[in-house]
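Below is one structure, written out as structure tokens; comments come after it.
The values are calculated or read from the model by the stated rules, or taken from the named source; none is laboratory data. Here the structure is a predicted model, which is why all the values come from computation and not from measurement. Every residue, glycine as well, gets a Cβ built from its backbone with ideal geometry; the counts of neighbours run over all protein chains shown. Just so you know, the surface numbers come from the protein's heavy atoms only, side chains and all, with ligands and any DNA or RNA stripped out. Shrake-Rupley method; radii C 1.70, N 1.55, O 1.52, S 1.80 Å.
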Amino acid sequence: MSTNPHLPQSPLNPLPPVVWALVVPMILFEVIFQLSGQGLIGGADGIGWRMQALERMVFIPEQFLWMVQTGQFPPRELARIVIYPFAHLSFMHAAFVVVFVLALGKFVGELFRPLALVGLFFGSSILAAVVYAALGQKVPLVGGYAGAFGLIGAFSFVLWVRLRQRGESGLQAFSLIGVMILVRMAFGIFGGVAPDWIADLAGFAAGFGLSFVLIPGGPKRLLALLRAR
């Protein structure tokens with residue numbers, strides 16, 4: 001059966017499957033936590049499921065530094081650096097991350113291969129956690145903001161390349177991250193929340209840097225830009 005080209009297309013259809021693969025676990029976790037928090041599943045024990053999940057999934061900077069210093073890497077504890085993006089403190093915390101990943105993932109997913117997009121998200125999350133710990137932060141890191149900011153880094157990289165190819169200044173490419181960091185810092189300073197904006201900024205830098213390698217033709221594109229200067 002043919003599709004009428006004049007019918008409006010769902011905005012969700014163009015999303016690359018890999019983007020859904022990243023956000024579906026976040027959505028499922030949050031659905032479970034919302035239902036259990038209301039006592040609809042899990043009974044009395046279900047009310048504590050979110051806290052139990054956070055205890056097992058958050059990235060603990062001091063613990064990571066201990067592992068590096070001692071050379072001991074228990075798999076269950078090391079896994080935190082990979083799984084912490086999928087646990088969130090609240091519905092709103094998860095909702096903002098999901099929206100960011102869906103919006104930016106659509107744009108980035110049209111230019112990057114699926115495995116490259118996965119590499120951007122997890123690479124940014126991991127490098128952000130390492131920087132966060134190396135800077136001596138004590139508060140555990142949780143949520144997918146660092147990975148989402150990594151996608152902002154890839155988005156900025158693409159804009160930067162396009163601007164440079166047209167012979168324009170690439171500074172305009174960083175307007176989005178400038179606004180986002182100011183907003184996140186404002187929440188951190190005036191809202192009394194953890195300084196996880198540090199990890200967000202590190203995630204952005206990681207996403208931007210990884211794009212040089214992960215985007216198709218990345219290294220060649222970098223060389224071409226350097227030769228054009």
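Heavy-atom surface analysis with a 1.4 Å probe gives region 133-183 a carbon and sulfur content of 64 percent of its accessible area. Relative to the Cα centre, the charge distribution of region 1-155, modelled as +1 at Lys and Arg Cβ and -1 at Asp and Glu Cβ, gives a dipole magnitude of about 140 debye. Rolling a 1.4 Å probe over the protein heavy atoms gives region 119-162 an accessible area of 27 Å² per residue. Taking trypsin sites (Lys or Arg not before Pro) across region 36-140, the ones in a DSSP loop with at most 11 further Cβ atoms lying within 10 angstrom of their Cβ are 138.
Per-residue packing, averaged as other Cβ atoms within 10 Å, sorts the ranges 198-207, 144-153, 118-127 into the order 144-153, 198-207, 118-127, beginning with the highest.
Across region 17-228, the mean sequence separation of Cα contacts (distance under 8 Å, 6 or more residues apart), normalised by length, yields a relative contact order of 23 percent. Using a cutoff of 8 angstrom between alpha carbon atoms and counting only pairs six or more residues apart, the relative contact order for region 1-143 works out to 37 percent.
Applying 1/(1 + (r/R0)^6) with R0 = 30 Å to the Cβ-Cβ distance of residue 168 and residue 95, what FRET efficiency is obtained, to the nearest 0.05? The partial results should precede the final answer.
Details: r = 36 Å, r/R0 = 1.18.
Calculated value: 0.25.
On average, how much accessible surface per residue is there in region 15-65, in Å², for a 1.4 Å probe, leaving out ligands, DNA and RNA?
Heavy-atom accessible area per residue stands at 54 Å².
Per residue, the convex hull spanned by the Cα atoms of region 17-228 amounts to 134 cubic angstrom.
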